[in-house]
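The structure appears right after this line, and notes come after that.
The values are calculated or read from the model by the stated rules, or taken from the named source; none is laboratory data. Computed from a predicted model, the values in this text were never measured in an experiment. Note that we place each Cβ from the backbone using ideal geometry, even for glycine, and neighbour counts take in every protein chain shown.
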Amino acid sequence: MRRLLAVLVLVATAACAPVPSAAPPIGGGSPAPPRPADAVELTEPPSAADVPPASCDPTASLRPTGPLPPPGQMPAGSTMARIQARGRLIAGVDQNTYLMGFRNPFSGELEGFDVDLAREVARAVFGDPDAIQFTVLTSEQRIPALERREVDIVVRTMTATCDRWQKVNFSTVYLQAGQRVLVPSGSDVTGIESLGGKRVCATKGSSSLANVATAASRPVPVSVPNWTDCLVMLQQGQVDAISTDDTILAGFAAQDPYTKVVGPQFTAEPYGMAFPKADEDFVRLVNALLERLRADGTWARLHERWLGEPPSPPAAVYRD
């Protein structure tokens, strides 16, 4: 099934590629495989390079004000009451990151660790994990979707950074990841330090792309809309490596056994759920929920289901 997922990604991408205007000339060999739409080799670092000020602790969130209210009984006038009145939570998620947020090719349903956590938020508000509407977002779309209030929450492998805290609020850390490198199994690359002058893929708007662009080894960053675009380009030999959080790379390695994850973590990537800047009451409620999920074993159960043997969950850190 895992190999099938990778094949489906490749087939879908090729199917969406433009049709060539003419056949290749006789004797010219096979045409080059199509590149994913909007793939760009960057000649200078991304404009928002997430360089945190020294005074910021991006893992510190807002302290819960008390125990969780009963589902369906959200405080009057709160963000949660507005969501409750609508009848569903609107959550921004991914559909292209195997194990974290992906669309099951057989059922068509969204699944993964992030998706299940979003369902737990719906359960806390409504008492029903299915009282949720998923909005699929790319990395670049996450913050604009929150600023425009197109979604109530984003649960999408989103690293809490000081730069992002200026625009949105984050929950306490629900998963601690770190950036590494994925290469073909026959590659002699041993980590980011081996990739000087080589093409390394990451998604537009991600902290991973900024980290690649500023790496001391000076790789050539290749920006794409979705992580599956990176996997397709690696399979087609159009990039030499993918670099992002090890949670995402683990999904790629599970999909494609002809790849391997190499090198140590060279960044810390604390994942938080993200919220519109004004919705502090909702952040505090979700932090109370996360405390319960850590304590009652739900977090460990979800981790084991999707990511394997669970470590201790990240401890909550508060700024107030």
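Considering Thr135, Thr157, which residue is β-branched (Val, Ile, Thr), within 21 Å of Asp57 (Cα to Cα) and either at pLDDT 95 or above or crowded, with 24+ Cβ neighbours inside 10 Å (or both)?
So the residue among Thr135, Thr157 that is β-branched (Val, Ile, Thr), within 21 Å of Asp57 (Cα to Cα) and either at pLDDT 95 or above or crowded, with 24+ Cβ neighbours inside 10 Å (or both) is Thr157.
Residue check: is Phe252 assigned to a helix (DSSP H, G or I) and on the phi < 0 side of the Ramachandran plot?
For Phe252, the condition - assigned to a helix (DSSP H, G or I) and on the phi < 0 side of the Ramachandran plot - is met.
Scan the stretch 115-131 and report the pairs whose first residue is closer than 12 Å to Pro71 by Cα and whose second residue is small (Gly, Ala, Ser) and in a loop (DSSP other than H, G, I, E, B), with Cβ atoms within less than 6 Å and a gap of 6+ or a chain change.
Ala122/Ala131; Gly127/Gly72
If we scan the stretch 219-227, do we find a residue that is in a loop (DSSP other than H, G, I, E, B), modelled with pLDDT under 95 and on the phi < 0 side of the Ramachandran plot?
There is at least one residue in the stretch 219-227 that is in a loop (DSSP other than H, G, I, E, B), modelled with pLDDT under 95 and on the phi < 0 side of the Ramachandran plot.
Looking at Ser223, Ser171, Ser207, Ser243, which is the one that is under 18 Å from the mean Cα position of the chain (by Cα), over 30 Å from Pro310 (Cβ atoms) and in contact (Cβ under 8 Å) with a residue 60 or more places away in the chain? Let's see the steps before the verdict.
Details: Ser171 fails: over 30 Å from Pro310 (Cβ atoms); Ser207 fails: over 30 Å from Pro310 (Cβ atoms); Ser243 fails: over 30 Å from Pro310 (Cβ atoms).
Result of the check over Ser223, Ser171, Ser207, Ser243: Ser223.
Out of all the residues in the stretch 276-297, is one or more modelled with pLDDT of 95 or more, surrounded by 19 or more Cβ atoms within 10 Å (Cβ to Cβ) and not in a helix (DSSP H, G or I)?
yes
Yes/no per residue for (1) surrounded by fewer than 23 Cβ atoms within 10 Å (Cβ to Cβ); (2) modelled with pLDDT under 95; (3) not charged (D, E, K, R); (4) not in a loop (DSSP other than H, G, I, E, B):
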site	(1), (2), (3), (4)
Ser187	yes, no, yes, no
Glu193	yes, no, no, yes
Gly197	yes, no, yes, no
Ser208	no, no, yes, yes
Val212	no, no, yes, yes
Ser217	yes, no, yes, no
Cys230	no, no, yes, yes
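Can you work out which of the residues in the stretch 298-320 that are within 28 Å of Ile83 (Cα to Cα) and of a type in the set (Ser, Thr, Tyr) is surrounded by the fewest Cβ atoms within 10 Å (Cβ to Cβ)?
Tyr318
For Ala295, which of the numbered conditions (1) farther than 30 Å from Thr65 by Cα; (2) free of Cβ contacts under 8 Å to residues at least 12 places away in the same chain fails to hold?
(1)
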